Amino acid sequence: MAITMPIEAASLRMAQGDDLALLGLLQLVSPALPIGAFAFSQGLESAFELGWVKDEASLGDWLTGVLDDGLTRCELPVLARLQQAWAREDEEAIAWWDSWLAANRETAELAAEDSRLGASLSRLLGSLNLLPEGPSRESPAMPPGAGYVTVFAWVAQVRGVAPRQAMLGFAWAWLENQLAVACKALPLGHTAAQRLVERLRPALVAAVDEALELNDDELGPALPGLALASALHETQYSRLFRS
């Protein structure tokens, strides 16, 4: 007869805490989160119209470029810095990195996406009583007009999600959104989208690894093609997405 060893109470409590953090992260990156992320394409719809992205292979190349030269050097490392700033209750650092991200939005559409998603997530958190309470209580105040990454970092911190897992979740949500855009507008079949998931899953992990190694003076996106696509999208005659 097999002997069942008892589970230590401390280990069980730790596992339950990890489970709650995981569920909190899944909630945060779910496509069902009502913040309107589905309405934005981050210039991808314009890349379709221009013929820069036209099939599964070229879409994979586009996404790899955006991941390598964009998220890896901008959103992901700054997300980690913001989450650490929230943990330290460093209001000055939170405001600084929020402003840094805003300054790196190269078009009106990209800036609007960041601010609108941040505002939508803030409203949702308010309805769930999850907004930071400000310096007179237990946490710094949310910066006025905070962008999406700043608010995301707060939720990850308050939910007990480790920074690395928060970064992976953020990258995963970005990939899912971009593939959803392609399935609607390219069009891209769902099986092809899953092939791209398999192709890019290791790249997401590598992006987080690299982002965690970058110094502050190494940050900054280099995406001229995406910026041009986003700018041209503002006057695109027919479109499905807001950016």
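Structure notes:
- Solvent-accessible ranking of R201, R73, largest area first, probe 1.4 Å: R201, R73
- Structure-derived Rg/Rh (Cα atoms, Kirkwood Rh): which label, when the choices are [x] 0.96; [y] 1.08; [z] 1.01: [z]
- Descending semi-axes in whole angstrom, ellipsoid equivalent of region 77-157, from the Cα gyration tensor: 20, 15, 10
- For the chain, the solvent-accessible area of protein heavy atoms averages 52 Å² per residue (probe radius 1.4 Å; ligands and nucleic acids excluded).
- Extreme residue, positive dipole direction of the chain, given options A162, L59, G70 (C-beta unit charges): L59
- When all protein chains stay in place and ligands, DNA and RNA are ignored, the 1.4 Å accessible-area order of L22, L186, largest first, is L22, L186.
- Cut-off 15 Å between beta-carbons: net charge of the residues surrounding V197, Lys and Arg +1, Asp and Glu -1: 0
- Distance between the modelled labels on Q194 and A57, one decimal in nanometres: 2.3 nm (7 Å Cα→Cβ projection).
- Relative contact order %, the chain, counting alpha carbon pairs below 8 Å whose residues are six or more apart: 38
- Our helix-only sum for the chain, with -39,500 (n - 2.57) per DSSP H run of n ≥ 4 divided by its residues, gives a mean residue ellipticity at 222 nm of -21000 deg cm²/dmol.
- Largest accessible area first, the listed residues M167, M142 line up as M142, M167 when surface is computed with a 1.4 Å probe on the assembled protein chains.
- Label-to-label distance, N215 versus S115, with points set 7 angstrom from Cα along the beta-carbon direction: 3.4 nm.
- Region 95-228, dipole about Cα centre (Lys/Arg Cβ +1, Asp/Glu Cβ -1), debye to the nearest 20: 620
- Formal net charge of residues neighbouring L76 (Cβ-Cβ distance under 13 Å; K, R +1; D, E -1): -4
- Rounded to the nearest 20 debye, the dipole magnitude of the chain is 760 debye, with +1 charges on Lys and Arg beta carbons, -1 on Asp and Glu beta carbons, and the Cα centre as origin.
- Considering only V181, V149, S115, the residue lying farthest towards the positive end of the dipole of region 107-203 is V181, judged by Cα position with unit charges set on Cβ.
The values are calculated or read from the model by the stated rules, or taken from the named source; none is laboratory data. Because the structure is predicted, anything quoted here is derived from the model rather than measured. Backbone-built Cβ (ideal geometry, glycine too); neighbour counts: all protein chains shown. Side chains are part of the model used for accessible areas, which takes the heavy atoms of the whole protein and leaves out ligands, DNA and RNA. Shrake-Rupley method; radii C 1.70, N 1.55, O 1.52, S 1.80 Å.
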